[in-house]
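Heads up: the structure comes next, in structure tokens.
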Amino acid sequence: MTTSPSALDALLSTLRTEEGVARAHIDDGWMQGRTAYGGISSAVALAGAMALHPTDTPLRYAQISFVGPVGGDCTVATRVLRQSKSSLFVDAGVSSDMGFGTAATFAFSGDRPSHLDHNSLTMPDAPAPESLQPVPDHKARPSFVRHFDMRPTTGPRFDWKSDVGDYLTWVRFVEEPECHPAVALLAMGDALPPAAMALFTEFGPISSMNWTVNMLTGKLETDDGWWLLSAKTGFARGGFSVQDMMIWNRAGEPVMSGSQGIAIYA
């Protein structure tokens with residue numbers, strides 16, 4: 001018995017390497033307005049970098065800039081910045097018919113022996129995802145969101161307005177992908193709305209400008225596909241906001257930390 005591939009795996013199946021570049025097609029289902037959702041352009045950049053520069057070393061760090069719109073037939077051009085016994089740094093740029101879209105730098109590096117063992121990134125108390133209601137479908141939701149099952153916790157929900165710029169939401173893929181787990185986690189990791197939107201008293205466009213990602217483990221595993229995503233904004237002024245981001249697995253282990261700068265046109 002065969003099953004159809006997940007939406008993410010179907011997209012990644014279009015990825016081909018030729019003449020030193022990778023090519024893939026980002027279909028309309030992953031768009032957010034006139035550009036691809038930032039998580040998917042980041043995932044395509046990573047998948048292209050890994051296809052062109054294979055490594056068994058886990059992803060440790062990513063710095064991503066959303067320079068312009070991207071979508072449709074895309075080209076991923078890469079450059080090895082440095083390769084040593086312990087680390088690999090790769091630069092990757094995603095372009096399409098709309099021009100240059102996404103710039104990324106990826107660092108691959110494994111664990112090192114260390115006397116330090118400290119973790120204060122404790123997962124906040126959150127009800128089990130099965131006990132929470134999914135975000136209802138709505139015509140205003142971007143196309144890409146429909147690839148995710150989102151279960152907001154008792155914090156601000158997507159249709160609430162609050163004086164706290166904070167989202168805490170269980171997220172999993174509607175169709176669980178079989179691709180590399182780091183690619184899948186990048187594709188999911190930017191799925192929440194910018195946390196500053198919880199503060200909106202009037203609606204306006206937003207645009208992610210950058211995304212810094214730190215992978216806290218090489219073992220990207222969870223139960224039943226669920227990950228707890230957090231986004232918190234501490235500053236929003238002059239049309240710019242910054243937010244801290246976290247992902248924990250179902251066992252409460254911190255998996256990914258990050259930050260993001262976002263342009264706000266409201």
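The values are calculated or read from the model by the stated rules, or taken from the named source; none is laboratory data. From a predicted model like this one, the values you see are computed outputs, not experimental measurements. Quick reminder, even Gly has a Cβ in these numbers, built from the backbone with ideal geometry, and neighbours come from all protein chains shown. Ligands, DNA and RNA are excluded from the accessible area calculation, which covers all protein heavy atoms including side chains. Shrake-Rupley method; radii C 1.70, N 1.55, O 1.52, S 1.80 Å.
Side notes on the structure shown:
- Under the condition of being closer than 12 Å to Ala103 by Cα and outside any loop (DSSP other than H, G, I, E, B), the residues counted in region 50-74 number 5.
The rows are residues; the columns are (1) at pLDDT 95 or above; (2) aromatic (Phe, Trp, Tyr); (3) assigned to a helix (DSSP H, G or I); (4) open to solvent by 10 Å² or more (accessible area, probe 1.4 Å).
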{"site": "Leu185", "(1), (2), (3), (4)": "yes, no, yes, no"}
{"site": "Ala196", "(1), (2), (3), (4)": "no, no, yes, no"}
{"site": "Phe203", "(1), (2), (3), (4)": "no, yes, no, yes"}
{"site": "Asn214", "(1), (2), (3), (4)": "yes, no, no, yes"}
{"site": "Thr222", "(1), (2), (3), (4)": "yes, no, no, yes"}
{"site": "Val242", "(1), (2), (3), (4)": "yes, no, no, yes"}
{"site": "Gly258", "(1), (2), (3), (4)": "yes, no, no, yes"}
{"site": "Gly261", "(1), (2), (3), (4)": "yes, no, no, no"}
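- Condition met for Phe173 (under 26 Å from Ala107 (Cα atoms) and of a type in the set (Phe, Trp, Tyr)): yes
- Residue satisfying all of: in region 148-161; open to solvent by less than 40 Å² (accessible area, probe 1.4 Å) and not basic (Lys, Arg); modelled with the lowest pLDDT among these: Pro156
- Evaluation of Val80 against the conditions (1) over 24 Å from Asp244 (Cα atoms); (2) touching a Phe, Trp or Tyr at 6+ places or on another chain (Cβ under 6 Å) shows that the sole unmet condition is (2).
Condition check ((1) open to solvent by 10 Å² or more (accessible area, probe 1.4 Å); (2) closer than 24 Å to Gly261 by Cβ; (3) free of Cβ contacts under 8 Å to residues at least 40 places away in the same chain) across all residues:
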{"site": "Thr35", "(1), (2), (3)": "yes, yes, no"}
{"site": "Thr55", "(1), (2), (3)": "yes, no, no"}
{"site": "Val76", "(1), (2), (3)": "no, yes, no"}
{"site": "Leu81", "(1), (2), (3)": "yes, yes, yes"}
{"site": "Ser87", "(1), (2), (3)": "yes, no, yes"}
